[in-house]
Amino acid sequence: MNLRHTHTPILTEGDPELKRAEILEYFHATFDIDEKLYETLRYDDTFYLRADRLRHPLIFYFGHTATFYINKLTIARVIDERINPQLESLFAVGVDEMSWDDLNEAHYDWPTRHQVKEYRDQVRSLIDGLIRRLPLNLPITWENPFWGIMMGIEHQRIHLETSSVLIRQLPIDQVQQLPLWDICTDTGEPPTNRLLPVAGGSVTLGKSKDHPLYGWDNEYGMHTAEVSGFKAAQYLTSNREFLEFVEADGYREQKWWTEEGWHWREFKQAEYPLFWIKAGSGWKLRTMASEIALPWNWPVEVNYLEAKAFCNWKSAKTGFPIRLPSEDEWNRLRDICAIPDQPWWDKAPGNINHEYWASSCPVDRFKTGDFFDVLGNVWQWTETPIYPFHGFEIHPWYDDFSTPTFDTLHNLIKGGSWISTGNEATRDSRYAFRRHFFQHAGFRYVESAVPIVIHDDQYESDALTAQYCDAHYGPDHYGVANFPKTCAVICLELMQGRTRGHALDLGCALGRSSFELAQGGFKQVTGLDFSTRFFRLAARMQEEGYLRYALPEEGEIVSFHETTLTELGLDTVRDRVQFFQGDACNLPEKFSGYDLILAANLIDRLYSPRTFLASIHERMNPGGLLVLTSPYTWLEEYTKKEEWLGGYREAGEAVWSLDGLKAALAERFTLVGNPRDVPFVIRETRRKFQHTVAELTAWELK
């Protein structure tokens, strides 16, 4: 396959064996171009440099794209054996500048580039084998093992973008220009930009589950809007056009910047775009692996905050309401230009899909309708923070793809860049980044006095997480005490006379037990959960001290709630609690040295509870306590039957989970006291509640 001309496969039609061959070719092309990207790093040591202090070194991303396949296919139960648990833990969680990201280098013992390459080769061989032998029926839907494989492929293509931006920020002597990544040589002066009318009309966004192309969860659902007519710049904003703002002291005039933008400018002391380089009396541009004279007719590359400041300055200068487009307006422009979707291109209709160069090109090169660069060259910032469409559902294999960004802090970028391939180059793609984030991104401004609609619903409305918000921080129901608080109280009773140093709340969900353990005297408590839906809210509670959530009452009627740590008497312990994402069956080594480990209602939702129980002692201090609770609701949906601790018959006799626990823990633990029943209630609606009784057992490490 030509690495510079790939299309994401159509997953709903065709001959299954030909489709298998197409996916196999797409997979290997993805792996090839990913590895060739890292060949631009000049030395092995370059892999360990921090291009951005809010990002891991590139060795992390070199490993991350491979471990993603293993971790997601393990969750999907397509595979049941890991290749290298240590690396798959180390490289598991990516970084999006979230508060819970752990960038402390003391926590990382990075493997060598050669070791990671050997691991990547093993992953590649495994996925190749899966593609060749797994049953394949069309259409490929969300639940199909091949969806998990496509998830890995498209995720790897996303990181072509993110890694190339990091490479672009490395010292120039640490990178090398290679033929596959050759840059455009066409430079000069841009044409004068002008505003052209875009007729108003209806915009429909969102995919149905039977859509022919792979998609991320935020692309599904339905959104319709009536877009008023507006004017849009014929060209992307060029380096020359942006220079006017720089030379007008735009970076030093606070009045052009939002409050957030000015704080960023002051913090970074920015005077001009990141990739511009002052060279005497002139300018240069840093491309991914070269420094060239600044091409004035290429699009400027800035973050949202800079683009917004430019628009405010431009609006004051011209007297017209100039701003960035909304997502709806951007899609209206694309629809008017009648651009086909990627798999049906013969040739890319813009500098996209890596079909032309590994850089931007002049803003007047690719025309569709009356406009240029509707697709490609650089991503285009919009005014719209990403939000879920009506009917949004989280994919269970990747629950942290979108939900962490539904915070009104991540703005959508549209149109793709020169390196946008696969899903990124499709009509329905919705990618969003923090407003201070740098990407191969610029902007097209519009003229419109229509206010921007911000879908600013800070109330957690996902059904499951809203239920857990209520279960952790809401009122008691039917006289049943708050379950996570009760678990913490029992733990504190059991810890009487013992060291209360560091506790681990494993499977912490929204973190109530973590706060209660800290309140009860633990010097430090770490909450860890596999689900980003859960731990991001725990982290928000720790950072901001409050949560808002919407509970279903009846049908479409919901009620809105707010809960605070202050009301619960827990605000003073926030600095002793921290939250992370992690897999209990494959924990990073840094999660060790605990006097107490609480695993509440966790073991019957693990894919390998026996592995967990066999290794948990390694995380504990001598004499430490392990406290387990579970209603023993074993389901093959979560745990293969051979991994169940109980709930089955053997030789005709019933095997109970408590007996299974005793057998699994007897070698290293002693049961403390008798098991206890701990009830809990989950509110589903105003008139529907789940009442469950968990069994709590405590085990002392011998």
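What are the pairs with Cβ atoms under 6 angstrom where one residue, in region 375-394, is under 19 Å from A463 (Cα atoms) and at pLDDT below 95 and the other, located anywhere, is of a type in the set (A, V, I, L, M, F, W, C) and in a strand (DSSP E or B)? Sequence gap at least six, or different chains.
That search, which allows pairs on different chains as well, returns F389/M222; H390/M222; G391/M222.
Mind checking which residues of region 442-462 are in contact with a Leu (Cβ under 6 Å, 6 or more places away or on another chain) and either part of a strand (DSSP E or B) or at pLDDT below 90 (or both)?
Within region 442-462, G442, E447 qualify.
I need a count of the residues in region 363-402 that are assigned to a strand (DSSP E or B) and hydroxyl-bearing (S, T, Y).
Looking only at that region, the number is 3.
Within region 309-336, take every residue that is of a type in the set (F, W, Y) and more than 19 Å from G415 (Cα to Cα) and give me the one that is nearest to the chain's Cα centre (by Cα).
Checking each candidate, the answer is F310.
Okay, residues lined up against (1) loosely packed, with under 13 Cβ neighbours inside 10 Å; (2) touching a helix residue (DSSP H, G or I) at 6+ places or on another chain (Cβ under 6 Å):
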residue	(1), (2)
K590	no, yes
L602	no, no
H617	no, no
E642	yes, no
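Tell me, please, whether a residue that is closer than 30 Å to P299 by Cα and either touching a residue at least 40 places away in the same chain (Cβ under 8 Å) or out of contact with any Lys or Arg (no Cβ under 6 Å at 6 or more places or on another chain) (or both) can be found in region 140-154. Break it down stepwise before answering.
Start the filter on region 140-154 by keeping residues that are closer than 30 Å to P299 by Cα, which leaves 153-154.
With the extra rule that they be either touching a residue at least 40 places away in the same chain (Cβ under 8 Å) or out of contact with any Lys or Arg (no Cβ under 6 Å at 6 or more places or on another chain) (or both), the set shrinks to 153-154.
Scanning region 140-154, I find at least one residue that is closer than 30 Å to P299 by Cα and either touching a residue at least 40 places away in the same chain (Cβ under 8 Å) or out of contact with any Lys or Arg (no Cβ under 6 Å at 6 or more places or on another chain) (or both), so the answer is yes.
Show me the strands (runs of 3 or more DSSP E) entirely contained within region 124-241 in which 3 or more residues are more than 30 Å from Y398 (Cα to Cα). Break it down into steps so the answer makes sense when it comes.
Values: elements: 195-198, 201-205, 223-227, 230-233.
Qualifying strands (runs of 3 or more DSSP E): 195-198, 230-233.
State which residue pairs qualify: first residue buried (at least 18 other Cβ atoms within 10 Å of the Cβ) and inside region 330-347, second residue among the charged types (D, E, K, R) in any location, beta carbons under 7 Å apart, and separation of 6 or more residues or different chains.
Filtered contacts from region 330-347: W330/K414.
Being of a type outside the set (S, T, N, Q) and surrounded by 14 or more Cβ atoms within 10 Å (Cβ to Cβ) is the filter; apply it to region 179-190 and report the residue that is farthest from P325 (Cα to Cα).
Result: L180.
Among (1) touching a strand residue (DSSP E or B) at 6+ places or on another chain (Cβ under 6 Å); (2) under 30 Å from I153 (Cα atoms); (3) touching a residue at least 40 places away in the same chain (Cβ under 8 Å), where does D370 come up short?
(2)
Tell me, which helices (runs of 4 or more DSSP H) wholly within region 1-98 include 2 or more residues that are in contact with a strand residue (DSSP E or B) (Cβ under 6 Å, 6 or more places away or on another chain) and buried (at least 18 other Cβ atoms within 10 Å of the Cβ)?
Helices (runs of 4 or more DSSP H) meeting the threshold: none at all.
The values are calculated or read from the model by the stated rules, or taken from the named source; none is laboratory data. As the structure is a computational prediction, the values presented were derived from the model and not from experiment. Quick reminder, even Gly has a Cβ in these numbers, built from the backbone with ideal geometry, and neighbours come from all protein chains shown.
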